[in-house]
Structures are given as C-alpha cells and as structure tokens.
There are 2 protein chains.
Amino acid sequence: MATGRTHRPATRSRGIPEATVARLPLYLRALTALSERSVPTVSSEELAAAAGVNSAKLRKDFSYLGSYGTRGVGYDVEYLVYQISRELGLTQDWPVVIVGIGNLGAALANYGGFASRGFRVAALIDADPAMAGKPVAGIAVQHTDELEHIIEDNGVSIGVIATPAGAAQQVCDRLVAAGVTSILNFAPTVLTVPDGVDVRKVDLSIELQILAFHEQRKAGDEGAVAPAAAARAAADTPAAPADDRKGPDGDVPAVMPA
Amino acid sequence: MATGRTHRPATRSRGIPEATVARLPLYLRALTALSERSVPTVSSEELAAAAGVNSAKLRKDFSYLGSYGTRGVGYDVEYLVYQISRELGLTQDWPVVIVGIGNLGAALANYGGFASRGFRVAALIDADPAMAGKPVAGIAVQHTDELEHIIEDNGVSIGVIATPAGAAQQVCDRLVAAGVTSILNFAPTVLTVPDGVDVRKVDLSIELQILAFHEQRKAGDEGAVAPAAAARAAADTPAAPADDRKGPDGDVPAVMPA
DNA sequence: TCATCTTTGTGCACGCGTTCACAAAGACAT
DNA sequence: ATGTCTTTGTGAACGCGTGCACAAAGATGA
C-alpha cells in the first residue's frame, strides 16, 4: 500500500511547530499499541481519543508531516508509525550517556523506555570512585574521568544529567565540550549552554508545586468542602521541626526525618 | 525596608495564566538561593537571569500576583519568597502518596525535592506483597489493599503514579475514587480522569524523542546524516565552557497540561 | 524642593497554537 | 456511473503568551 507516493513533502519538515513535535511521541505510542493489535487503519477520531487529544489538532499535526490519510477511511497504522518514527529520528540508534548514578540515575538506566525506541544506553557515569565498575542495569558504571573519552568513542550526542544540582552545570559544560548537543536535565537547576545545544528539563518539585497551586485553588473555590483533604491537612501536621528550613534543594537529601 | 505594605490585591489570584504558574516555582527556587545568601533585594534583571527567563516576562508574571516591587530598587527577596510560596500553596503541608515502588518510585521517595518544600511523603504503596513492610527512604511500604484507607486517613489529595503503564489507569481510578484530585503520572500512558482532577505527566521517553527530533534536524542541516559525527562538527568550539552566556530559551518546559 | 537616575509595571503589537467548520476526496453500494 | 456517506485536510478566527518600549514611581543627592 501507499507505494505510489509521488514525492514526500520534504521541505515541509522544516516548519513543524514545536507543539506538534511534542505530541508526535504520543501519537507514536498509541499507534504502536494499535499496530501490536494488528489494527490496519485508524480514524483521526479514534487515534485522538487514544492519545488524549482533540481530533482536529491531530489532523492538523499530521498535515505538517504531509500526512497521508485516506478520506473516508482514516490512516494506515503501519505507514504512520514509520513516518512518525522517521520524522522523530527514531529509525537510527541514538547512544545516550547517563551521568549521576544515584537513585534516579539507576532508575533511568533500568527504564525500559530508553531501549525500546531508538535509544541505547552507551554508558553510565558517576563521580563516586566507589561506584566505578559496579554494574547497574547490566552496565558497569564508569568514572567521570572517562567522560570525554566515552562521548567521543561512542559518538554520543545526547546526555542525561541525573546528578545533584550542584554538579549539574559542570557536568553539562563537560558534556557539551565533548560534543553532546542535546541534554535531558533532571537536576533542579537552570543550565546555561551555548547556542545550538538543546536542553529539556524534568523537574519533579516544579511539577508538584504546580499541582499544589491548582489543588489550593480548588479548595478555595469549593469553600474547602470538596475533598476531605484541606481540613485534615491543616489540623494534622505532626512534629516536623520548624520547617522554616528550606534545604538547599540541590544536594542529595539526607533522607527526611520521620 | 519595604515594611509599609498596606494591602494586597487578593482577588487577583483568579486570573494567573498557566504559563506564569509554571514559572513561579522557578522564581521561588532562585529567590530561595538568594535568601540563603542573605541578599535583601533583587532587580527583575538579576532574578530573571538566575531563573533563566526574560526580565520583561518576569515582571509581567509578578504583576499577576499584584507584585510588590519598589521602583528604582527592585524586589524584597524575603517578601517575594513568602508571596510566591503562599500563592503556590506551599505554606501548608501537602501529604503525598507514591504508588509503585520500583526503581523510579524508590528514587522519588528518596528525592529531597519532596520534603524540601511543603510536601510530605505520607505513604509508599506497592502491589507486590513481598514489598510490604520493607522500608524505602525510611518509610515502610504498604500494600495496595490499604490504598483507600491511607488516602482517607491522611487526607491525601496528591498522588504520584510510578507503576508500570499497565497498572496506571487502575491505580488512578482508585486514587480518584478515594479522594485524590491531583495526580503526577510517571507511567507512559494517557490517564483518563473525571473533571476536576488535574493530571500532569512526566514521560522520559517522550522527552528523549523530542531531543532526538532536534538532534536529527541539526545533523540534517549540516548536510550529512552522520548522527554524532556531524554533531561534533557543530560543537567543535573547543574548551571555553567558561561563559557562552546564552539564555536557555528556545525550549519549552518539559510538560504541558493534559 | 527639585532634578536626576534607576527600575518597575503595563499598554500594545505580534506570532504561535488551538479550535471550528466545511469543502474536497475518496470508499462503497446500487 | 452515479449518488451517498465517511473522514480528511485546511482556511479562518480567536485567544494566549511573549517581548518591546515607555511612562510612572520612587530613591537619592544637592
């Protein structure tokens, strides 16, 4: 099917909106699930529901790819999986290094999402000499001294930073100097990078704070009657030393009291 | 200094743009750092640089809070820390449950970001009976059977899902039924929730795929399709990680509202 | 008191993203 | 072949977020 494609939109690739790019992985996931169930085609309506978005938005997104749906029928699942994978650059193998093998780093190393689609953990790097050689997720941890070496030998262009905040910028600088041009930052810090380097950040505490904002607003709107949460939360609050203390959110937390 | 604050705008709380809310935690972090260094006041320019945003944007953001800067001087650090904390609802203590204590769940439980500002891990929950009673981050893991019990007893309104994708929706349904109205989802699935429940998702594989897209585009721009080879060519600026000073702009926050 | 200087707060314009609504395109049945 | 029915692709309008640029506000000094 879809053999006689005269030519692809090609030049269109340039202008894919950022918001659309951010949704492509979502579509890809839904499509992959359909593919595994051997569903041949899917309508924008169905796929949109599966991806949790608006169908008009989905169609517009696909239109940027030079979408190839069939009116009256829908989209060919396999074909779309291929197109999106290609567009996202997942048809090639991306070696990735993870720096900072603490709890989070180890969790990331073990995360299946890495290996599943186009990504390969090329190395795990940690500053602690005691970690060197220790296997995590089947890969021996290497010392930070090897960083530049590893990046170059493996042609790594994507790095994941899971170090404490205090070390993040320094690690970032070294990664960039060694040739990394895309960074996924889990450390709660603002990273400064030269032009041409992409940084995306994942920050748990920020996400929680945003939720807290909305949660508070809900409680206020409802006159504090909705969930039996607000009332309880206020009354309760055991011990906890003068929480006036805002720890340096950067350093590895010494497990909380309680 | 800046003591005679007469009254606050109060009613303004309603109309804070979502984009602004998402940046408040960023400002708060920068301000907290300043506070620890006992810096009394800060200008929008300085604070913006520390938070990695545009100064005009920052001023506009603060204006939604009914900002209280002093022209010709800047903002009072302590006062602003308090205002933002209050706006985000961090002056109260939010009990949080983490469901799914695998690698990621354990990492989250150990993460200092939780305890540092207004959040308290009320319980760790896992479906594996073998995990029950086992201490993680100083807290004994409880079995899923206790979920509803825990939520109610502790007045929990925020839940974190770190289970495998397959279990996420079911866990989500139970959390919501028990009274949770805000969910932070780490499972790679689209969660369906009733109106009034907020869901924010953190998805590693999506973040990586977005990076891969840009990485591929960089490589393509350079002419060849050599993944890391071309990348290195672009980043051949040797050393000098000193100060390339460039706003980390051009990239959007990691997660957007579902 | 007045002039000058710094920095905030915001009106305005612009661009991006979302959504609606519908014409065009194709499948399918007769 | 022709008509009907389904679903795509997109033009257009709208709303939100961003950044510029400047007037207003207050500090500071003479």
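Derivation of every value follows stated rules applied to the coordinates shown; laboratory data play no part. Since the structure is predicted, the reported quantities are computational estimates derived from the model, not experimental observations. Here the Cβ is made from the backbone with ideal geometry for all residues, glycine too, and neighbour counts use every protein chain on show.
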Cα centroid distance between the stretch A:150-216 and the stretch B:118-154, in Å? 31 Å
Principal axes of the stretch B:1-141: Cα extent on each, largest first, Å: 62, 32, 27
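Give the peptides A:80-89, B:130-139 in descending order of average Cβ contacts within 10 Å, highest first. Don't skip to the end; give the middle numbers.
Values: A:80-89: 20.1, B:130-139: 15.1.
Averaged packing, sorted descending, gives the order A:80-89, B:130-139.
Quick one: net charge of A:Leu58's neighbours, Cβ under 12 Å, K/R +1, D/E -1?
Taking every Cβ under 12 Å from that of A:Leu58, the sum is +1.
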Please report, for A:Ser35, the nm distances (one decimal) from its label point, 7 Å out from Cα along the beta-carbon direction, to the equivalent points in the remaining copies, shortest first. 4.9
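Please work out the FRET efficiency for the pair A:Ser38 and A:Ile16, using the Cβ-Cβ distance as r and a Förster radius of 35 Å; give the result to the nearest 0.05. Let's see the in-between values first.
Details: r = 29 Å, r/R0 = 0.83.
Efficiency, rounded to the nearest 0.05: 0.75.
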Sort all Cα-Cα distances of the stretch B:45-96 into consecutive 10 angstrom bins from zero, then give the percent of pairs in each bin up to the one containing the longest distance. 22, 53, 19, 5, 0
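Among A:Asp126, B:Asp145, which comes first, second and so on when ranked by fewest other beta-carbon atoms within 10 Å?
Numbers: A:Asp126 23, B:Asp145 12.
By the 10 Å Cβ count, ascending: B:Asp145, A:Asp126.
Shape of the stretch B:11-70 from its Cα gyration tensor (a ≥ b ≥ c, root eigenvalues): rounded if a/c is under 1.5, otherwise prolate when a/b > b/c, or oblate? Could you put the intermediate results ahead of the total?
Values: a/c = 1.76, a/b = 1.61, b/c = 1.10.
Prolate shape, in that a/c is at least 1.5 and a/b is the bigger ratio.
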Stretch gain in nm, segment B:His143-B:Ala56, where the contour uses 0.36 nm per residue and the Cα spacing is subtracted: 26.4 nm
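Taking every DSSP beta bridge that has both residues in the stretch A:154-223, what percent is antiparallel when rounded to the nearest 5? Could you put the intermediate results ahead of the total?
Details: 0 of 8 bridges.
Roughly 0 percent of the DSSP beta bridges within the stretch A:154-223 come out antiparallel.
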Total formal charge among the other residues, if their Cβ is under 13 angstrom from that of A:Ser116, Lys/Arg +1 and Asp/Glu -1: 0
Amide H of B:Ile101 versus every other amide H placed in the peptide plane: which residues, excluding those fewer than 5 positions away on the same chain, fall under 5 Å? B:Ala127
Neighbouring Cβ atoms within 10 Å as the yardstick, rank A:Thr189, B:Thr91 fewest first. B:Thr91, A:Thr189
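Fully extended, how many nm does the chain gain between B:Gln170 and B:Thr192 (0.36 nm per residue separation, minus their Cα-Cα distance)?
Numbers: separation 22, 0.36 × 22 = 7.92 nm, distance 1.01 nm.
In short, 6.9 nm is gained.
Per residue of B:151-157, what is the mean number of Cβ atoms on other protein chains within 10 angstrom of that residue's Cβ? Don't skip to the end; give the middle numbers.
On the way: counts 3, 4, 2, 4, 10, 5, 13.
Going residue by residue through B:151-157 and averaging, the value is 6.
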Using a Förster distance of 30 Å, the FRET efficiency for B:Asp128-A:Asp128 (Cβ separation, nearest 0.05): 0.55
For A:Gly15, which inter-copy label distances result when the label point lies 7 Å beyond Cα on the Cα-to-Cβ vector, reported in nm to one decimal and in ascending order? 3.4
Inter-copy distances for B:Pro135, label 7 Å out on the Cα-Cβ vector, sorted ascending, nm, one decimal, are 3.0
At most 14 other Cβ within 10 Å, DSSP loop - trypsin sites (Lys or Arg not before Pro), the stretch A:46-82: A:Arg71
